[in-house]
Amino acid sequence: MLNSTLNYLHLTPSSDLPALEGLRQFKTILVADADVQEPMMWDVSRWLIDSGSLYVLVWGQDSEQWREAIEDAALEAVNYEDVPDERRVLVTAHEDDELDEVFWYARHRAAHPADLKHTLILHIADAPRREDLEAAYSDA
């Protein structure tokens, strides 16, 4: 997992959702540092799935609700049909873990049959922390 390309994206709880250029099949570490209204949570979840995220590790505020929304968005995207393992979306919530543990797990253990080469840190917060989060991920 160490050969993966890292991208960082900061969104506020009211941001518009950008196109994710250069990402096709990827892993997402969703760092939820802000309260998000349910409609935005659903929009972000559908956007991640539509953009090609196949593995999502959720940490921070409302991580269980995020996990449920992303799992539901993944099922909705395939019309609740079975999909091959390499297209299945895996979602984990890490509400009781430290963020550095989540980063370590994402780098060293979070495997997917599609062999994901890109990782996105999706940081939902009032202010960005790109340098801190990228450094913590690199140190994991």
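Laboratory data are not the source of any read-out in this text; all were calculated from the coordinates shown. The model shown is predicted, which means the values in this text are computed figures rather than measured ones.
A compact table of results
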read-out	value
Cα gyration tensor shape for the stretch 1-117, rounded if a/c is under 1.5, else prolate or oblate	rounded
Backbone HN-Hα couplings from phi across the stretch 24-32 [Karplus 6.51/-1.76/1.60, Hz, Gly and Pro as x]	10, 10, 8, 9, 10, 10, 8, 9, 9
For the chain, built as a Gaussian network whose Cα springs stay under 10 Å, the top-fluctuating residue of Tyr105, Tyr55, Tyr80	Tyr80
The stretch 9-72-the stretch 83-103 distance, computed between alpha-carbon centres (Å)	12 Å
Percentage relative contact order, the stretch 5-140, counting C-alpha pairs under 8 Å, at least six apart	41 percent
Under-5 Å amide H pairs with Phe26, H placed in peptide plane, nonlocal only	Ser53, Leu54, Tyr55
Amide hydrogen neighbours beyond the local backbone of Gly60, cut-off 5 Å, H modeled	Ala32, His94
For the stretch 43-48, Karplus couplings with θ = phi - 60° (6.51, -1.76, 1.60), whole Hz, Gly/Pro x	4, 5, 4, 5, 4, 4
Among Ala110, Ala93, Ala19: highest mean-square fluctuation, GNM of the chain, C-alpha pairs under 10 Å	Ala19
HN-Hα J in Hz across the stretch 124-134 - Karplus 6.51, -1.76, 1.60, θ = phi - 60°, x for Gly and Pro	9, 7, 6, 9, x, 9, 3, 4, 4, 6, 5
Other-chain or far-sequence residues with amide H under 5 Å of Leu11's (modelled H)	His123, Ile124, Ala125
